Amino acid sequence: MRNNKSLLLIILGLIVYSILSSCGKQPAPDTNFGLVIHGGAGTISRDKLTAEQEQNYRAKLEQALRIGYAVLVAGGTSLDAVEKTIVILEDSPLFNAGKGAVFASNGTNELDASIMDGNTLQAGAVSGVKQIKNPIKAARLVMDNSPHVLFYGDGAETFARGQGLEFVDQSYFYTERRWQSLQKAQAKDQQTEPGKHGTVGVVALDKHGNLAAGTSTGGLTNKRFGRIGDSPIIGAGTYADNRTCAVSATGTGEYFMRTVCGYAISAQMEFGGVSLQTAAENVIHNEIGRLGGTGGVIGIDKGGNITIVFNTPGMYRGYMLSDGQPVIKIFAD
Ligand code: GLY
């Protein structure tokens, strides 16, 4: 009788122990997930940035990464992570997008943005907008709430107004630094300061296995007004397909359009079976580089592998994957 009682107690103890230890266990990661961001590529070197400027860039890139990561780690979508991360970069005067957008030749700011869902291949974009505070939000609304992909100028702003987006006066986009860049470029009759591309972009893979990409820019300093670059062009500056990868580009847009940069990377993976890294290197170094274009691209594939490739001295960039460690880099190393 006593033996039976002891046996019962031991069995009960084992049951309680196994319940308690399973409660304390960390759940296995759902899958690979994470995001990669860029804030532009160009002639960025240690001697051109003060310690304070470098710290400001690093802090803003880390803040943006953490916003996107928080969406992903909570089980949110890659689309939401991309949009929310880009909003942080658009609201900063440091980058050539939103608040920090460069000036066109006529002294106005004309902003472009796009976003793409790798799960459905749906996409949205706006181009040549002048008063939408966050063009990436407008791009998302075009994708979600219209049957179209790309709206330009007045039409884009009318659509965005109807969607209740926040509008600002053009003076909101005035920054002394960008104004001086315009004066310098115009004095030299250049379309941009050589090697300066401050476009922002984000690519993400969520826990559900869905990829998304987004890009936002003010374009090139002293661009002819009405000029459209690669950032709002799906397949050029932005592309996402769950079967392959999500990519976002920065650089002299004309070259990224002529080489159809984003789709060229995806197509090499889909039809040629090459890795994301090789495909990105082919496009940046062999195609765009061969034509004389400069810039870079970020990407993430369906397995969570990432790439960052550029042919400029530096690129503002970072990533945060399922290990939760933010990595920020600026210079070539
Ligand atoms: N890559 C940005 C632009 O050329 O407008």
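The values are calculated or read from the model by the stated rules, or taken from the named source; none is laboratory data. These numbers come from a predicted model, not from an experiment. Because the Cβ atoms are built from the backbone with ideal geometry, glycine has one as well, and the counts that use them run over all protein chains shown.
Looking at the stretch 186-196, is at least one residue near the ligand (Cβ under 10 Å from one of its atoms), more than 23 Å from GLU281 (Cβ to Cβ) and within 19 Å of the chain's Cα centre (by Cα)?
no
Looking for whichever is surrounded by fewer than 17 Cβ atoms within 10 Å (Cβ to Cβ) and modelled with pLDDT of 95 or more here; the options are ASP301, ASP323, ASP333. Which one fits?
It is ASP323.
Within the stretch 222-239, restricting attention to residues that are near the ligand (Cβ under 10 Å from one of its atoms) and not hydrophobic (A, V, I, L, M, F, W, C), which residue is farthest from VAL142 (Cα to Cα)?
Of everything passing the filter in the stretch 222-239, LYS223 is farthest from VAL142 (Cα to Cα).
Can you spot a residue in the stretch 261-271 that is within 30 Å of THR221 (Cβ to Cβ), surrounded by 24 or more Cβ atoms within 10 Å (Cβ to Cβ) and within 15 Å of the ligand (Cβ to nearest atom)?
Yes, that holds for at least one residue.
Of a type in the set (A, V, I, L, M), under 17 Å from HIS38 (Cα atoms), part of a helix (DSSP H, G or I) and at pLDDT 95 or above: does that describe ILE284?
yes
In the stretch 240-260, how many are near the ligand (Cβ under 10 Å from one of its atoms), more than 21 Å from THR85 (Cβ to Cβ) and of a type in the set (Ser, Thr, Tyr)?
The number of residues fulfilling the criteria is 2.
Hey, among the residues in the stretch 287-298 that are in a helix (DSSP H, G or I) and within 16 Å of the ligand (Cβ to nearest atom), which one's surrounded by the most Cβ atoms within 10 Å (Cβ to Cβ)?
ILE288
So the check is Cβ under 8 Å with 6+ separation or different chains; which pairs have a first residue in the stretch 186-197 that's closer than 12 Å to THR294 by Cβ and a second one that's at pLDDT below 65?
Pairs found: none.
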